[in-house]
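These notes are about the structure you will find just below.
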Amino acid sequence: MDDLLKEALGNYNIENPKIEFIRHNENKTFRLKNPRSMQEYVLRIHKTSRDFSKDIFGESEQRLDFLNGEMEVLDFIRRDTDLLIQMPIKNRDGKFVTILKDGTFVTVLTWIDGNTIEETKQTEDIAYKVGQMVGKLHNLPKYKIESSNIKRYYYDKKLLLNSIVKIRSILDARIISTEQYIAIEKAISEVIIRISELDAKEKHMSLVHSDLAKSNLIVSGSQIVPIDFSLSGYSYYYMDLGSLFSHFTEANERKDIMAGYRSMNSKTIDLRYIEAFIVFQIILFIVTHTKGAAKMEWFGEAINRWSREFFVPFSEGTPFIRID
């Protein structure tokens, strides 16, 4: 057991847990099982992996107010929806965020039984329930969100403009080519145009999960449970639809997701904006992985594929998704 994990465990009333390492990306994550109570938890040590960076959000390290904000988001969803959700666990001092001696932050959440969708056989029912879950999440009252002042990230035009600067740095480092950079920059410019259209239509942003990968969706009994709200924030609801469409790529899956979504939510859906936020999702992946890009052999070819399949057709106004 490493020293940080040992120190972290000492701050919680979980005696001699069985420990299982899960993953290390934006957090170092462990599964804990209390052998006496048989209760299970997720412990997160908030140190990003070497290849992942949140610098694009204006922070080189985790911020206490943003971690507390994530805990508030979970409580907000628990109180205002019927969604099954992880709940934060307080430490021995009655706080949701533990600060270790070296300044590292730690949080503990309840464990959700089940399997990720990544590990589950895909069915029409599962895709439909994914859409229902996200539709319920997007029904959270806007006036409560706006008055809560919860510290979260903003997925907006400013972030995209910062992304151009970040991507320019890997061009200057000769990690990507001028041609690749131009394709990305043109796509970002088109995303900004479409978000400007939404600014005129929608007026208000919503609370979004923003990272609805199959590994962050748990099939627990008859429910779909979203986990890992560490990148949650404010944007248009298309942010989550773009995230789903980035990971559910079959037309029938997308059709079932949208049917489930519409059964719970009356928001207008325009595929032009889903496309914009699919591209936004890819841009975010690129800028959060620039730190390790030089060591990633697949990075350049991935940029070429994204340019061919998404960036170029999108910036030229050619639709690239269909659900009928």
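The values are calculated or read from the model by the stated rules, or taken from the named source; none is laboratory data. Owing to the predicted nature of the structure, the values given are computational and were not obtained by experimental measurement. All Cβ positions, glycine included, derive from the backbone under ideal geometry; neighbour counts span all protein chains shown.
For the reader, a short list of remarks on this structure follows.
- Qualifying residue in the stretch 142-162 (condition: surrounded by 15 or more Cβ atoms within 10 Å (Cβ to Cβ), in contact with a Ser or Thr (Cβ under 6 Å, 6 or more places away or on another chain), hydrophobic (A, V, I, L, M, F, W, C) and in a helix (DSSP H, G or I)): no
- Among residues of the stretch 70-81 that are under 13 Å from Ile150 (Cα atoms), those with a Cβ under 8 angstrom from a residue that is at pLDDT below 95 and of a type in the set (Val, Ile, Thr), sequence gap 6+ or separate chain, pair up as Glu72/Ile150; Val73/Ile150; Phe76/Ile145; Phe76/Ile150.
- Checklist (1) surrounded by fewer than 19 Cβ atoms within 10 Å (Cβ to Cβ); (2) part of a strand (DSSP E or B) applied to Thr107, failing item: (1)
- Just so you know, in the stretch 189-212 the residues that are among the hydrophobic types (A, V, I, L, M, F, W, C) and in contact (Cβ under 8 Å) with a residue 40 or more places away in the chain include one that is surrounded by the fewest Cβ atoms within 10 Å (Cβ to Cβ), and it is Leu198.
- With respect to the conditions (1) of a type outside the set (Lys, Arg); (2) surrounded by fewer than 16 Cβ atoms within 10 Å (Cβ to Cβ); (3) in contact with a strand residue (DSSP E or B) (Cβ under 7 Å, 6 or more places away or on another chain); (4) under 24 Å from Val130 (Cα atoms), Pro35 lacks only one, and its number is (4).
- Pairs, first more than 9 Å from Ile257 (Cα to Cα) and in a helix (DSSP H, G or I) in the stretch 117-137, second among the basic types (Lys, Arg) and at pLDDT 95 or above, C-beta under 6 Å, six or more apart: Ile117/Lys214; Glu118/Lys214
- Of all the listed residues (Asn11, Asn34), the sole one being free of Cβ contacts under 8 Å to residues at least 24 places away in the same chain, within 13 Å of Val108 (Cβ to Cβ) and not assigned by the TED database to the domain that holds Tyr153 is Asn34.
- Checklist (1) under 12 Å from the mean Cα position of the chain (by Cα); (2) more than 30 Å from Phe30 (Cβ to Cβ) applied to Glu250, failing item: (1)
- Hey, Thr110 polar (S, T, N, Q) and over 21 Å from the mean Cα position of the chain (by Cα) or not: no
- In the stretch 276-301, the residues that are charged (D, E, K, R) form Cβ pairs under 8 Å with partners that are surrounded by fewer than 22 Cβ atoms within 10 Å (Cβ to Cβ) and part of a loop (DSSP other than H, G, I, E, B), at six or more places apart or across chains, as follows: Lys291/Arg50; Lys291/Asp51; Lys291/Phe52; Lys291/Ser53; Lys295/Asp51.
- Of the numbered criteria (1) modelled with pLDDT of 95 or more; (2) in the same structural domain as Gly260 (by the TED database); (3) surrounded by fewer than 20 Cβ atoms within 10 Å (Cβ to Cβ), the one Gln122 fails is (1).
- Some residue of the stretch 222-231 being part of a helix (DSSP H, G or I) and crowded, with 16+ Cβ neighbours inside 10 Å: no
- Candidate set: the stretch 276-318, residues that are assigned to a helix (DSSP H, G or I) and of a type in the set (Gly, Ala, Ser); chosen: the one nearest to Phe245 (Cα to Cα): Ala276
- Asp102 vs. criteria part of a loop (DSSP other than H, G, I, E, B) and surrounded by fewer than 19 Cβ atoms within 10 Å (Cβ to Cβ): yes
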